Amino acid sequence: MLRFLLRRSLGAIVIVLLISAITFFLFFALPSEPALMSCGKNCTPDAIAVINKNLGLDQPVPVQYWHYMSGIVTGRDFTVGHCPAPCFGYSFSNQQPVWGTIVDRFPTTLSITLGGAAVFLTVGVGIGMLAAAFRGTWIDKFFSSLSLIGNALQIYFVGVIALAVFVSGLHWMDNPAYHPITENPVKWFTGMLIPWLVLSIIFIANYSRMTRSQMIEQLAEDHVRTARAKGLSRRTVFFRYAWRGAMAPIVTIFGIDLGSLFGGAIITEFTFSLHGLGRLAVSSVSETDLPTLMAVMLVGCTAIVVANIVVDAAYAFIDPRVRLA
Amino acid sequence: MTSATMFLRRRARLSAAALAAGALVLSACSSGGGGGGDGDKQSQGPGEDKTTSANYSIGTKADSAGPAPEVSGAKKGGTVGVLQRDAFNHLDPGQIYYSDVLTNQMLYNRTLTSYKVDDKGRVKVVGDLATDAGTASDGGKTWKFTLKDGLKFEDGSPITSKDVRWGIERLYAPFETDGPLYIPQWLSGDGNAFRKALPEGPYDGKHLPASVLDTPDDKTVIFHFAKPHADTPFATAMPNIGPVKAEKDTKQKYDNAPFSSGPYKVADYKVGKSLTLVRNEHWDPKTDPVRHQYPDKFEISFGHQFADSTRRFLADQGADKNAMSFSNAVAPEMTEKVLGQSDTKARRFVEIQPYVDYISFNMDRLGDVRVRKALALAMPNGQIVQQMGGATAGLLATNYLSPAMDGYRPTDPFGKKKSPAGDPEKAKQLLTEAGKVGQEIVYAYANTDVQQKVAVVVTQALERAGFKVQKKEVDSNTWRTAIAEVKNQFDIYRTSWGADWPVSSTVVPPLFDGRQIADGAQNYSHLNNSKIDAEIDRISAIPDVKQAAPEWQKLADRILTDEVAGVPVFYNRQFSLWGSNLGGVKYHPVYGTADPTGAFVK
């Protein structure tokens with residue numbers, strides 16, 4: 001297990017480094033003048049030169065890359081002062097330390113992701129199992145149709161309707177907003193409820209369909225038939241034999257989805273006026289704000305890689321046939 | 001003249017119009033007035049439907065004395081929520097130019113002069129920190145301001161003339177690049193040349209000589225300009241002509257933590273996300289003729305699309321009852337719903353902003369004035385307004401100057417009110433006389449949804465009049481640069497303009513002075529007529545802005561009628577809505593936004 005984790009972690013570091021390098025060099029390969037962002041409207045060539053020097057943009061791109069990446073580990077010194085590790089530099093557009101912004105935005109993304117995932121995983125898998133258990137009945141047809149509809153919907157559509165109906169119309173729920181769970185758990189929950197539910201509608205469809213088909217497949221397997229023949233109860237066969245087998249691919253997909261969501265649920269954030277990493281990613285792209293863009297990308301990329309490692313490790317527990325060594 | 005910045009100041013408004021791209025909305029602008037029913041009735045913007053705008057004046061010493069007149073029914077306490085779409089780009093008063101941050105800074109920043117807006121939308125330029133709007137001498141080249149007693153920063157320390165000097169001198173520092181630069185340029189030289197007078201600002205211990213900026217005692221600030229500037233009281237109302245305490249000046253970092261001189265101070269600022277302003281206990285209402293301090297707090301949050309803020313104001317529930325927005329407009333797709341919901345009547349306005357949209361004619365390529373006249377006659381202003389979002393987004397324009405400008409007169413040389421869809425017959429007749437029927441017109445526009453729709457109606461109208469239109473879509477990120485190139489290969493293109501203060505000296509010279517033709521400059525039509533230039537000089541030298549105002553209008557009309565450098569299309573409008581539990585929200589005619597300085601929680 002330890003060897004597995006070590007090997008995968010090293011691989012993950014290489015992947016993250018590769019992606020960071022590609023992002024960094026691509027940024028400079030495209031026509032952009034980051035100093036203009038800091039320079040303002042009444043900008044002069046002299047001012048641009050000063051900014052380029054202050055931001056280190058006058059150095060070769062590989063050197064800049066090295067400074068950026070090493071700064072994450074060791075911290076960096078800028079003209080405005082020392083930036084302690086983990087230093088992702090200062091934003092080109094608002095001159096704020098990027099790490100502070102990431103720390104501020106990440107809890108929102110974390111809340112959206114974990115809460116949404118909890119809902120869509122339990123409800124999605126539950127519906128899928130129900131449909132599989134009652135295959136061919138009206139229950140199966142009903143939930144299958146429902147998931148088809150869910151699959152066809154988009155967050156910006158369902159989100160706006162949910163706001164109009166449940167917040168503005170019926171006043172059942174609060175306007176979506178992020179409140180730190182440490183300050184007010186109730187407000188945190190009520191503020192996140194609509195984003196969770198709307199995000200879930202889209203994902204539930206996938207998970208229920210996937211669970212249903214996996215369950216049906218598993219229920220037709222020889223070992224399940226044997227278990228039934230041995231006289232095990234229907235419940236035991238369903239949960240211990242079929243469900244366990246069905247979970248492996250679902251966990252894989254879940255790992256990828258979770259990782260992507262950690263990178264920022266962009267449309268969800270815009271629909272509900274929330275400030276997470278997704279919105280930060282969009283603004284950093286439009287403002288050619290390389291330090292912020294790199295930071296968001298590194299956080300997202302790391303989340304995806306870590307989620308994949310966790311999923312792979314989880315495999316061993318779910319499926320004893322998988323050996324990690 | 002930092003004219004390029006005006007474009008930027010307009011950006012928020014333009015985005016609003018861009019959002020209107022898919023606008024269903026509203027009845028046609030058939031009557032020239034916009035035709036938006038209730039929207040029109042609500043519009044009592046400066047100058048609109050009046051023969052002459054008389055809404056601007058220079059206030060007296062008595063007008064400049066605090067406190068500001070009580071707002072009827074006002075109560076103290078509560079928290080006002082502010083829903084904004086775009087995050088503020090600056091808090092440092094030295095860097096502020098956009099209308100949203102201009103509005104915001106009124107809450108924590110005071111300036112030498114300021115705008116006092118009464119219940120009827122009339123504006124007086126009054127002394128804010130100063131006891132009056134300034135005293136001119138030496139033919140308008142020297143301006144003296146005396147500070148009031150009892151002025152304090154948020155730490156209770158007194159505001160002196162040295163703090164005002166510091167606030168102005170720091171504009172010379174290389175990092176101060178985003179704000180308006182009228183005063184530094186008038187003091188020390190045009191363009192960026194002024195920076196040479198104090199290359200590091202006041203930070204290396206150097207100051208401007210007393211012959212330029214004098215502070216002989218703690219109460220007196222004297223400007224010595226190279227030329228007369230009659231509109232100095234307006235220029236000193238810009239947000240960066242105020243006090244900055246040297247010990248609290250953190251240079252670039254000041255942008256996130258400005259030191260307050262106004263009724264509120266920054267309590268918490270999360271860049272790009274939220275800003276909380278709380279009462280500044282050291283602000284003395286007796287010194288302030290403009291601002292109030294009714295709510296305990298302003299909680300400003302960013303990232304609210306127009307649809308989101310409009311939905312919240314319409315639903316009017318919970319904390320949203322106490323919420324407003326400085327610059328978010330009503331979402332175009334929700335306009336009818338807002339107008340149709342009677343409980344919104346007391347909590348909305350539709351007002352004219354000081355921003356005008358034009359179609360400029362490239363006079364280097366369109367040499368024949370008859371062709372330009374035909375273009376002006378054929379232009380379907382009314383239909384363009386519809387594409388931009390209808391009556392609540394814009395009011396059909398008939399001449400170059402906005403009704404929000406002092407001295408505005410509703411002249412209409414091309415009969416736009418009578419023929420909002422254009423007059424193709426008359427245009428064709430002119431083209432025939434010129435022997436130019438079938439002339440090809442290269443029409444450039446940004447490739448945004450809304451401009452593509454506008455292009456369709458413009459093309460149809462021009463082709464009805466006998467032109468052959470060649471449409472040129474330009475990438476929206478580069479089109480401003482493209483049209484501002486003197487040697488551009490286009491005949492006509494959409495341009496826009498917003499005045500920094502309601503005096504047309506901030507409009508006519510940058511747009512029509514032949515000496516200002518340059519790449520990136522705003523004489524988009526390349527009008528180059530020495531007689532016009534001479535007239536610009538003559539009017540600029542008039543020492544009284546009130547006397548100059550009608551002269552600017554006459555000159556603008558002369559340019560429109562005789563030179564036809566372009567055709568005005570529409571005057572921008574701000575359609576605002578807010579929560580039912582707020583009182584005292586009013587329109588700020590100079591900033592074109594909802595003014596929070598008198599707002600209170602009922």
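Taking A:LEU199 as the residue in question, decide whether it is away from chain B (no Cβ under 14 Å), farther than 16 Å from A:GLY126 by Cβ, in contact with a Ser or Thr (Cβ under 7 Å, 6 or more places away or on another chain) and part of a helix (DSSP H, G or I). Here the answer is yes, as A:LEU199 does meet what is asked. With respect to the conditions (1) under 30 Å from B:THR79 (Cα atoms); (2) surrounded by fewer than 22 Cβ atoms within 10 Å (Cβ to Cβ); (3) among the acidic types (Asp, Glu), B:ASP138 falls short on a single one, namely (1). Residue pairs whose Cβ atoms lie under 6 Å apart, sitting 6 or more positions apart in sequence or on different chains, and linking a residue in the range B:344-371 that is within 28 Å of B:TRP501 (Cβ to Cβ) to a partner that is among the acidic types (Asp, Glu) and at pLDDT below 95, are B:ILE352/B:GLU48.
Okay, residues lined up against (1) more than 14 Å from chain A (Cβ to nearest Cβ); (2) closer than 30 Å to B:VAL469 by Cβ; (3) surrounded by 24 or more Cβ atoms within 10 Å (Cβ to Cβ):
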position	(1), (2), (3)
B:ASP288	yes, no, yes
B:GLY318	no, no, no
B:ASN381	yes, yes, yes
B:ALA391	yes, yes, yes
B:LEU395	yes, yes, yes
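In this structure, is B:PHE600 under 24 Å from B:ASN381 (Cα atoms) and either touching a strand residue (DSSP E or B) at 6+ places or on another chain (Cβ under 8 Å) or without any contact (Cβ under 8 Å) to a residue 60 or more places away in the chain (or both)? Here the answer is no, as B:PHE600 does not meet what is asked.
Listed by position, the helices (runs of 4 or more DSSP H) enclosed by the range B:318-425 that each have at least 3 residues that are over 30 Å from B:LYS602 (Cα atoms) are B:369-378, B:381-388.
Checking every residue in the range B:167-187 against the condition of being away from chain A (no Cβ under 14 Å), surrounded by fewer than 17 Cβ atoms within 10 Å (Cβ to Cβ) and not small (Gly, Ala, Ser) gives zero matches. Pairing each residue of the range B:200-212 that is of a type in the set (Asp, Glu) with any residue that is at pLDDT below 95, provided the two are 6+ apart or on different chains, yields C-beta distances under 7 Å for B:GLU200/B:ALA173. Among the residues examined, B:GLY262 qualifies as more than 14 Å from every other protein chain (Cβ to nearest Cβ), touching a Phe, Trp or Tyr at 6+ places or on another chain (Cβ under 9 Å) and under 30 Å from B:ALA74 (Cβ atoms).
For B:GLY407, the conditions (1) crowded, with 24+ Cβ neighbours inside 10 Å; (2) in contact with an Asp or Glu (Cβ under 7 Å, 6 or more places away or on another chain); (3) on the phi > 0 side of the Ramachandran plot all hold with the exception of (2).
For the range B:371-400, the candidate set comprises residues that are of a type in the set (S, T, N, Q) and within 18 Å of the chain's Cα centre (by Cα); within that set, the residue that is modelled with the highest pLDDT is B:ASN399. The one condition from (1) within 14 Å of chain B (Cβ to nearest Cβ); (2) of a type in the set (Ser, Thr, Tyr); (3) over 30 Å from B:GLY303 (Cβ atoms) that A:TYR156 does not meet is (3).
The set of residues from the range A:52-96 being touching a helix residue (DSSP H, G or I) at 6+ places or on another chain (Cβ under 8 Å), surrounded by fewer than 15 Cβ atoms within 10 Å (Cβ to Cβ) and not in a loop (DSSP other than H, G, I, E, B) comprises just one member, A:VAL61. The numbered conditions (1) within 14 Å of chain B (Cβ to nearest Cβ); (2) part of a loop (DSSP other than H, G, I, E, B); (3) of a type in the set (Lys, Arg) are all true for A:ARG135 except (1). Quick check on this structure: which one of A:ALA12, A:ALA47, A:ALA21 is within 11 Å of chain B (Cβ to nearest Cβ) and either assigned to a helix (DSSP H, G or I) or modelled with pLDDT of 85 or more (or both)? None of the others qualify; the one that does is A:ALA47. What's the number of the only condition in (1) closer than 27 Å to B:LYS270 by Cβ; (2) within 14 Å of chain B (Cβ to nearest Cβ) that A:TRP172 fails to meet? The one condition A:TRP172 does not meet is (1). Once the range B:190-199 is narrowed to residues that are surrounded by fewer than 22 Cβ atoms within 10 Å (Cβ to Cβ) and either within 13 Å of chain A (Cβ to nearest Cβ) or touching a residue at least 40 places away in the same chain (Cβ under 8 Å) (or both), the residue that is nearest to B:ILE222 (Cα to Cα) is B:PHE194.
Listed by position, the strands (runs of 3 or more DSSP E) enclosed by the range B:438-543 that each have at least 2 residues that are crowded, with 20+ Cβ neighbours inside 10 Å are B:440-446, B:492-498.
Residues in the range A:255-277 that are in contact (Cβ under 8 Å) with a residue 24 or more places away in the chain, within 13 Å of chain B (Cβ to nearest Cβ), part of a helix (DSSP H, G or I) and surrounded by fewer than 24 Cβ atoms within 10 Å (Cβ to Cβ): A:ILE267, A:PHE270.
Of the residues A:ILE72, A:ILE112, the single one that is of a type in the set (A, V, I, L, M, F, W, C) and closer than 26 Å to B:ASP86 by Cβ is A:ILE112.
The values are calculated or read from the model by the stated rules, or taken from the named source; none is laboratory data. Keep in mind that this is a model prediction, so the values were computed, not measured. A quick note on method: Cβ atoms are made from the backbone with ideal geometry, for glycine too, and the neighbour counts reach across all protein chains shown.
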